[in-house]
1. I'm checking my understanding of the structure. Among residues of region A:1-22 that are farther than 20 Å from residue A:62 by Cα and within 12 Å of DNA strand D (Cβ to nearest atom), which one is modelled with the highest pLDDT?
2. Taking helices (runs of 4 or more DSSP H) that do not extend beyond region B:61-171, which have at least 3 residues that are within 30 Å of residue B:14 (Cβ to Cβ) and facing chain A (nearest Cβ under 8 Å)?
3. Return only the number of the condition from (1) within 14 Å of chain A (Cβ to nearest Cβ); (2) more than 10 Å from DNA strand D (Cβ to nearest atom) that residue B:25 does not satisfy.
4. Applying the selection to region B:38-47, what residues are within 7 Å of DNA strand C (Cβ to nearest atom) and under 25 Å from the mean Cα position of the chain (by Cα)?
5. Can you tell me which residues in region A:35-52 are more than 14 Å from chain B (Cβ to nearest Cβ) and in a helix (DSSP H, G or I)?
6. For the subset of region A:1-13 comprising residues that are in a helix (DSSP H, G or I) and over 15 Å from the mean Cα position of the chain (by Cα), which member is surrounded by the most Cβ atoms within 10 Å (Cβ to Cβ)?
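The values are calculated or read from the model by the stated rules, or taken from the named source; none is laboratory data. Bear in mind that the values here come from a model prediction, so they are computed numbers and not experimental data. Here Cβ is always computed from backbone atoms with ideal geometry, including for glycine, and neighbour counts include all displayed protein chains.
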DNA sequence: GTCTATAATAGGATAGAC
DNA sequence: GTCTATCCTATTATAGAC
């Protein structure tokens, strides 16, 4: 059996980049083929179900990323403030300081939303839930923790939208800094 | 000359709904024709430049809406807190309590971003600028006012993304309430 | 595992009648 | 101002050779 030109993980990574930049509808097979160096037909070897299959694999990867870089650090034994700082550092890297869009945000907007509603909901809820649990450990009551977690995720997603729409990542970077200081009450 | 089936403003409104729900790429001529009750060819009577023309008309409408419902109320003589409450009430109506997406947000995501970058930037900046000026009148220094205005717009956009992605408008509605109370320092 | 070739469809847009 | 008919292109997807 011939060796793949690039490893499967690399294919997934490049497809991820195209989807985050262009959204579901804008991620055409032509663009994806160009980004991966594969022919259009070869993409069906990796993703037999076509574009919908691709998006689901990317959502798998995102769910796994969240588990590894958000849920796990937030479930540690360090002080809540440090755990949250860890999460923020990972998010800053994922979003490249605000330059890179969020897959969840791009899929939540437009027609693709209805295709992936359940999965988007599940991943957002895991993110919010993990954050809320940590905030409760830091002393917030259940409702405040939940609300603050929801608000935090919204602020991050909004700062990314603003970065895309205005070409200015400063609000995102400032947010990451502020959250490290202010998310956990003294 | 035959009378139009529906007034031009009504056509624009319905096209707006399609773009906000489906995004630029998802707003196909078929969908737009169905939503307006016009044939595809008839749409070129209203928008000779096709889809890009449509999006620009919608951005015109959005800029005008901002001028009327954000900049103008924020430039009034009432106490800053009341002016901001006025803006928030209008935004709550525009976004239908969180159920309706933001045109700016949908255009800022995906491939359409590059087509409309300048205009998105201009409208976001007008919104942020008007809010920052009011916050300065309320006593904030220039930089704090600016940062708080940017953060506020980001929170609103993010809450809308979250509403779309999770099917839960509670964070958006809570945000509107909170901002009325907390945006202007006592 | 990757390719060329090709289908089948949908999308954006135009011409010209009424 | 709206329509039918049509065109061109891009897009997704499949078949089958290597």
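1. Once the filter is applied, the top-ranked residue is A:2.
2. B:103-108, B:112-137, B:142-166
3. (2)
4. B:44
5. A:36, A:40, A:41, A:42, A:43, A:44, A:45, A:46, A:50, A:52
6. A:11
Residues are listed down the side, and each one gets a yes or a no for (1) more than 30 Å from residue A:27 (Cβ to Cβ); (2) without any contact (Cβ under 8 Å) to a residue 40 or more places away in the chain; (3) loosely packed, with under 13 Cβ neighbours inside 10 Å; (4) within 16 Å of DNA strand C (Cβ to nearest atom):
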position	(1), (2), (3), (4)
B:29	no, yes, no, yes
B:49	no, yes, yes, yes
B:55	no, no, no, yes
B:58	no, no, no, yes
B:63	no, no, no, no
B:68	yes, yes, yes, no
B:72	yes, yes, no, no
B:98	no, no, no, no
B:102	no, no, no, no
